[in-house]
1. Sort out for me the Cα centre separation of the range 86-128 from the range 240-295, rounded to whole Å.
2. Going by C-beta contacts inside 10 Å, put Leu236, Leu252, Leu53 in order with the fewest on the left.
3. Which of the three applies to the range 204-292, rounded, prolate or oblate, going by the alpha-carbon gyration tensor with a ≥ b ≥ c and a/c under 1.5 meaning rounded?
4. List the aspartates and glutamates whose alpha-carbon lies under 19 Å from that of Lys268, not counting same-chain residues fewer than 8 positions away?
5. Can you list the lysines whose alpha carbon is less than 18 Å from that of Lys55, not counting same-chain residues fewer than 8 positions off?
6. Using the per-residue mean of other Cβ atoms lying within 10 Å as a proxy for protection, in what order, highest first, do the peptides 272-285, 54-67, 182-195 fall?
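Values in this text are rule-based calculations from the coordinates and carry no lab data. Note that this is a predicted model, so its numbers are computed, not measured. As a convention, Cβ positions derive from the backbone with ideal geometry for all residues, glycine included, and neighbour counts pool all protein chains shown.
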Amino acid sequence: MRARCVFAVGVISLIILGAVASGWAHEAKQDANAVALAGGAALGAYPESADGLKKLVEDMFGVVKSKDEAKVSSYASALAIPEHGAWFVQTFGAAEGARLEAKYSEMLPNAAKDIRESFEYALKGKRTDVGVKVLGSQGEVRGLSRAIVDAMARPISVYVVDGNNPKEKFATHIGDFVYVDGGFRYVNSQVWQELSTAPPMRIRLGGNVAKANLINRVDPVYPDDARAARLEGEVLLHIVVATDGTIKELNLVKGDPVLAKAAMEAVKQWRYKPTLLNGKAVEVDSTISVVFRAQ
């Protein structure tokens, strides 16, 4: 009789220990989803909202600015998607999910470097006024955003973060984020480009960098009336160069209307060497200057 009692107690003890271990495992998973970050904050401290993500990005600006690689790595590790293989397939289906997962896994080892460089570029241009929007929530969805939304097997929110400088016309793209297992996770924009329906990727280059790829420049014809009036000055133009090097989009940023017309007639004939990123041709977004000087 005593032996049976001892055996029963042992079984009950094992059951209790199993329940405790299961609870510990659950708590460990929760702890992993609330990874302690620089300054004592935790991933779960940023609620799923535009304001929550804005606070996270602002904190990351501070960390990157401090040049503390350990803290940057801490953020990068916390921003990885848990069990990303299963998540991509569940969210985008088997075919498209596999495409996205393959690229995400390829880029994951360099995530800390990519995040740091993105934030450093924004800091350099003083574009630290954080803007957050959700794909599909603000007007018509086009281009890559359309491809992402249409590919979803289950609806999720994809948060797009830009850095703005009130003194600059154009913002810089900092990154895309999704909310998974209690925290925001970073997704490099190049991952979305693996969708079968994705349009050509577009990157932004400074005018001087883009100029290095210019292979055919057509000089503007100085308007006779402008020359006679000794009208001179700078015309600033926003351009998008297509994957084949032709001018796809051309818009006036600032400049005298007469000079601007002449400048745009010339620039739309310019040709650039195709820009490659990881072996793929990409579109280039840039701003160029055309200067008129009366002789």
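1. Cα centroid to Cα centroid, the span is 29 Å.
2. Details: Leu236 17, Leu252 14, Leu53 21.
Sorted ascending by nearby Cβ count, the order is Leu252, Leu236, Leu53.
3. Values: a/c = 2.80, a/b = 2.40, b/c = 1.17.
Because a/c hits 1.5 or more and a/b exceeds b/c, the range 204-292 counts as prolate.
4. The qualifying aspartates and glutamates are Asp219, Glu234, Asp244, Glu249, Asp256, Glu283, Asp285.
5. The reachable lysines, counting only those whose Cα sits under 18 Å from Lys55, are Lys65, Lys71, Lys126, Lys133.
6. By packing density, highest mean first, the sequence is 182-195, 54-67, 272-285.
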